[in-house]
1. Suppose we filter B:Asp253, B:Asp221 for residues that are away from chain A (no Cβ under 14 Å) and modelled with pLDDT under 95; which single one remains?
2. Hey, among the residues in the stretch B:269-297 that are more than 7 Å from chain A (Cβ to nearest Cβ) and in a loop (DSSP other than H, G, I, E, B), which one's surrounded by the most Cβ atoms within 10 Å (Cβ to Cβ)?
3. I'm trying to understand the selection: among the residues of the stretch A:228-268, which are closer than 29 Å to B:Ala295 by Cα, within 24 Å of the chain's Cα centre (by Cα) and not in a loop (DSSP other than H, G, I, E, B)?
4. Mind checking which residues of the stretch B:139-194 are closer than 21 Å to A:Met271 by Cα and among the acidic types (Asp, Glu)?
5. Is it the case that the stretch B:183-197 has a residue that's within 14 Å of chain A (Cβ to nearest Cβ) and in a loop (DSSP other than H, G, I, E, B)?
6. List the residue pairs whose Cβ atoms are under 8 Å apart, where the first residue sits in the stretch B:77-90 and is acidic (Asp, Glu), the second is surrounded by fewer than 24 Cβ atoms within 10 Å (Cβ to Cβ), and the two are 6 or more positions apart or on different chains.
7. Could you grab me the full set of residues in the stretch A:157-187 that are buried (at least 23 other Cβ atoms within 10 Å of the Cβ), of a type outside the set (Val, Ile, Thr) and out of contact with any Pro (no Cβ under 6 Å at 6 or more places or on another chain)?
There are 2 protein chains.
Amino acid sequence: MTDATAPITREQCEEADRNDPLAGLRARFALPEGIVYLDGNSLGALPRDAVARAADVVSREWGADLIGSWNKNHWFALPLRIGEKIGRLIGGGAGECVATDTTSVNVFKAVSAAIRLQQQDAPARRVIVSERENFPTDLYIVEGLMALIDRGYSLRLIDAPEDLDAALDEDVAVVLLTQVNYRTGHLWDMREATDRIHAAGALAVWDLCHSVGAVPVAVADAGADFAVGCTYKYLNGGPGSPAFFWVAERHLDRVETPLTGWWGHDRPFAMTDAYAPAPGGRRFLVGTQPILSMATMEVGLDMHLEVDQEALRRKSLALTTLFIRLVETRLSRHPLTLITPREEAQRGSHVSFRHPEGYAVMKALIANGVIGDYREPEVLRFGVTPMYLGHTDVWDAVETLRRVLDEELWRAPEFQERDAVT
Amino acid sequence: MTDATAPITREQCEEADRNDPLAGLRARFALPEGIVYLDGNSLGALPRDAVARAADVVSREWGADLIGSWNKNHWFALPLRIGEKIGRLIGGGAGECVATDTTSVNVFKAVSAAIRLQQQDAPARRVIVSERENFPTDLYIVEGLMALIDRGYSLRLIDAPEDLDAALDEDVAVVLLTQVNYRTGHLWDMREATDRIHAAGALAVWDLCHSVGAVPVAVADAGADFAVGCTYKYLNGGPGSPAFFWVAERHLDRVETPLTGWWGHDRPFAMTDAYAPAPGGRRFLVGTQPILSMATMEVGLDMHLEVDQEALRRKSLALTTLFIRLVETRLSRHPLTLITPREEAQRGSHVSFRHPEGYAVMKALIANGVIGDYREPEVLRFGVTPMYLGHTDVWDAVETLRRVLDEELWRAPEFQERDAVT
């Protein structure tokens, strides 16, 4: 499939799958028969081993060992142990990463901590830069933080990645960027952008929700200051599994969290009445974590640690490139507009197209066994999860999309009606 | 057992259990054989039905229905539906309560929201009152919040409940109290204390961690302003199951959360770039919740909604009174000092004694099948969970304590060594 103009056949896709060294991973996921699941960038599939893990946590650890599990079954260490594993996956150092809370709460901690470092170093800097197209909660959280501290901070939003330089001036304290955009799939070069941010005197907070587990991440190598992200997308942690928080080692001697809970205390069970931060990233823990979700999450994470992230990236790019080529060669008569970068170095692991009837088209696709998702406005989003998808899945998905569009299946009344969540 | 001086026999306890109308509830919990579990105030026991619920959430909802579960299996509504149930249990109105995050994070939201209401009404009030003996995380969180907003707030700690009035002056903005003290078991009269707080012009934030599910709570009747609490103690929600947040209806037109995440947005999936708070308590949601923990938690909560909370309270008091009488009549030669109020109206659902060798005594007790816990300093803490304990359990526990003390079993070297978490 090296000739970009030649038609691609399903047989070629089958052949590519037979030669895929990662193809064996799929059998370790409990994917239903008869569907193509292209929404692993929203909720990753269930690793088969997670079923037994969850049952064991409930029946043995909770039911039989009860309170003793905090020591015996290492619940106490879970946010740290899992945090270390995530830290390794994103290229951080020891003691810098914890698994905890939600991405939104962790964005709050990270931006707040970054602001306070700047209050010591460059107190006149009171602008936070982000992208208008960032995932909305990141922007909302910054708004809420600014209103809370009420000290003249403002949010400066850039309209496109190429506008970053123009936004970086001597007022900027912090830049909050999402490595892979949730809608377009645009991928920042983290190292290059962080260099520019640092050159302008600002700190860099990276949201890794749509990159971790699908794109190799190297926070320390990139010189990032803080990173947060979720584990229920490409890491297959389970619905709403706890998020993570990473801080660069160089900040640990003076970085402060705004959410000074007992789990971030140096000695949480000494029950002293004054707060004293724990060493390392542990100070960014707050309250007691949801153990069923946390423990079950580790199964998907462990699979990722077994897999070469560069090989996963190569497969991801092969599949997203295939997706784009198939749509553009086989569906060219339909009003589908690619909004994902064609340049591989700028692409995460999902592919998005605008279509004027995007919402109905996606509902029709789902009804026909191809599960992607819809994002406002008009965007069909297809997550291409290299852990459990192959070339044939992509071929079949595009073929179903062709049928939905050619036969105008999306016009059926049941596909016009809006669900609560899309 | 009405004569407070007569010796109590195990036979009398067995008789009392036979007459206990709530005795049938115990069979619905998966408690191991051969132990007496007196730590339900730290981690509630496993409801048998929670095993199937957790398995169903993992295999069917996550594994088979995948992303469609947000609508099909009502994940979207879970924090609201469960919040409504908790709201009913604590005597709140519709739309005022959500299940979300951790108690620590919710204390941050509640105190911050209360401070901001006062900034509008009485901006000169910059003192937050709490108890030195409050659960430490509540105090740590307030410290962190004050440092973050950095506007001259201070924390005024009272040393004993009777010192509240003296601490209430025209500087006080917010009073943060825990209804049942985690160590002593002291129970505040919420209505009476809230009246005094309001009379002094302050707002009342109540932490219900150690009361909800064991003591009837009536937040609206008491006139409380905010309440938070956890679900993994007397509500048997599972380890680290999400906490809850309640706000009085009268504040809803102008109350603000500091953690403005997308789940608290009026239209979370519209993906607009400006924050607009949802109506009702829903604005206190932040990020995506841990669904395995959240869904499993509902099983224990539903059991509580079936049970008459007043009957549960009567049984709780019968058991804690029995515990105290047995210790004081049968173990009087040992240096055990009751730190829990003798007055029933001031007592939650656990009983605590100081003992100079408290840590080793508790480890020896646990090794002999009686699971309570230890809290600094020197405190043996016994949670008396009326949902699944009976009079005979209390008799057996005290008898084991007698043996541990009479035979000095606690002197064994293995009981001197400290665990990571106690």
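1. Just a single option satisfies the conditions, and that option is B:Asp253.
2. Looking at residues that are more than 7 Å from chain A (Cβ to nearest Cβ) and in a loop (DSSP other than H, G, I, E, B), I get B:Leu285.
3. Answer for the stretch A:228-268, where residues must be closer than 29 Å to B:Ala295 by Cα, within 24 Å of the chain's Cα centre (by Cα) and not in a loop (DSSP other than H, G, I, E, B): A:Val228, A:Gly229, A:Phe244, A:Phe245, A:Trp246.
4. B:Glu143, B:Asp159
5. yes
6. B:Glu84/B:Ala94; B:Glu84/B:Gly95
7. Residues satisfying the conditions are A:Ala173, A:Leu176, A:Leu177, A:Gln179, A:Asn181, A:Tyr182, A:Gly185, A:Leu187.
Okay, residues lined up against (1) surrounded by fewer than 24 Cβ atoms within 10 Å (Cβ to Cβ); (2) over 30 Å from A:Gly40 (Cβ atoms); (3) at the interface with another protein chain (Cβ under 10 Å from one of its Cβ atoms):
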site: B:Tyr37; (1), (2), (3): yes, yes, yes
site: B:Gly44; (1), (2), (3): no, yes, yes
site: B:Arg53; (1), (2), (3): yes, no, yes
site: B:Ile67; (1), (2), (3): no, no, yes
site: B:Lys72; (1), (2), (3): yes, no, yes
site: B:Leu80; (1), (2), (3): yes, no, no
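The values are calculated or read from the model by the stated rules, or taken from the named source; none is laboratory data. The structure displayed is predicted, hence computed values, not measured ones. FYI the Cβ positions are ideal-geometry reconstructions off the backbone, even for glycines, and counts take in every protein chain you see.
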